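Right, one structure below, let's go through it.
The values are calculated or read from the model by the stated rules, or taken from the named source; none is laboratory data. All values derive from a computational prediction rather than experimental measurement. A quick note on method: Cβ atoms are made from the backbone with ideal geometry, for glycine too, and the neighbour counts reach across all protein chains shown. Ligands, DNA and RNA are excluded from the accessible area calculation, which covers all protein heavy atoms including side chains. Shrake-Rupley method; radii C 1.70, N 1.55, O 1.52, S 1.80 Å.
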Amino acid sequence: MQIITNNPMVKEKIKSCPVEFIDGTYADVFKETKRLVVEERLVILTHPLSGSIKPNETYYKSILITTTQLQQIDMESLDLIDNALDVYEKFNKNRKTPQWTPQILEDFADIDLDLIENALSRIRFSPELRFK
């Protein structure tokens, strides 16, 4: 397993699996995840739109994916990330992500960290789980 994230808290605090840090936006995390699904044939383990925060309201996103390559593209993962990108673009078209204060950004980073830590603990408990 590995985490794709733009959240500095995740990069700093999660040591139990590899973290690929994206120095970019929420959408950049989705685009890198899609690249890994298509080019590396990896599988998404956590839903890209997890949590109850709209994609245009937060800046941070972390997605858990496999590290083992499949023989072919996992179409479920590809559909999942394509749909998530569509939702992001729809929300962002209607209203851009606000310029949040540092405290609010820290709160969003904390929420994202909590979501991915919970996903990691659940997957370790039941490796066959795929959050879709």
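With the full set of protein chains in place, find how many percent of the accessible area of the chain is carbon and sulfur; take the probe as 1.4 Å. Carbon and sulfur: 51 percent of the exposed surface of the chain.
Lys-Lys pairs in the range 2-129 that are eight or more residues apart or on separate chains and whose Cα atoms lie under 13 Å of each other come to 5. Each Cα pair of the range 2-129 feeds into the Kirkwood radius, which the Stokes-Einstein equation turns, at 37 °C and 0.692 mPa s, into a diffusion coefficient of 222 µm²/s.
Applying the criteria of a DSSP loop state and at most 14 other Cβ atoms within 10 Å to the chymotrypsin sites (Phe, Trp or Tyr not before Pro) of the range 18-118 yields Trp100. Remark: spin-label model distance Leu78-Ser52 equals 3.5 nm, labels positioned 7 Å along the Cα→Cβ axis. Excluding ligands, DNA and RNA, the accessible surface per residue across the range 2-129 is 56 Å² with a 1.4 Å probe.
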